[in-house]
Amino acid sequence: MDDQAIIDLYWGRWEWAIEATAQKYGGCCHTIAYNILHSREDADECVNDTYMKAWQAIPPTRPARLAGYLAKLVRNVSLNMYEKANAKKRGAGQVPLIVSELEHCLASSVVTDSEIVELLNEFLARLSQEARQIFMGRYFHFQSSELLTTYLLRDLKWELLGKTVLRPATVMGQARRAVPALRCFGRRGATG
């Protein structure tokens with residue numbers, strides 16, 4: 001079923017909307033939640049909460065891209081659960097590492113959420129396709145270097161004479177090089 005048909009089911013308040021969403025995007029939502037929480041049970045709970053939030057928000061919201069909308073919802077639900085679970089302790093997941101990688105990136109250059117969104121969109125538009133996928137995989141989907149490398153090899157088919165030319169260390173190097181570039185871009189964007 002295409003996204004518009006699923007959105008129409010939500011607008012018609014048909015409960016099938018949730019089933020159709022689960023069939024089409026359940027795996028993607030679960031992967032995002034699991035990458036943040038590293039617990040299948042918690043990921044399942046977050047995915048179910050995401051379906052409920054989508055049910056409550058559509059209508060009046062009519063997302064332009066259902067996949068992106070759901071990814072944002074499940075990411076936020078998962079991060080909220082992560083924060084509650086780790087209020088007194090640090091987990092072994094990717095979140096503390098990613099937060100430390102990005103923590104000073106935009107702090108002094110932007111003031112509002114809309115400015116951050118605009119700055120990130122401009123920054124991502126200037127990256128190559130593979131650099132953009134690496135950045136989004138690492139900092140939006142919270143993928144580990146090994147998982148990100150696996151996805152890139154599958155999706156981008158980066159092979160040379162049957163030998164893989166991409167290693168996890170290479171992917172993480174590219175992701176980490178994007179952070180100072182974003183910081184510099186943020187300073188230029190903030191000054192005009």
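Observations on the structure shown:
- Over all other residues within a Cβ to Cβ distance under 13 Å of ASP2, the charged ones net out to 0, with Lys and Arg as +1 and Asp and Glu as -1.
- The value given for the stretch 13-52 is a Kirkwood hydrodynamic radius of 10.2 Å, derived from the mean inverse Cα-Cα separation.
- Positive minus negative residues near THR61 (Lys, Arg vs Asp, Glu; Cβ under 13 Å): +4
A short reminder: the numbers here are calculations on the coordinates, not readings from a lab. Here the structure is a predicted model, which means the values were calculated and not measured. Neighbour counts run over all protein chains shown; Cβ positions are idealised from the backbone, glycine included.
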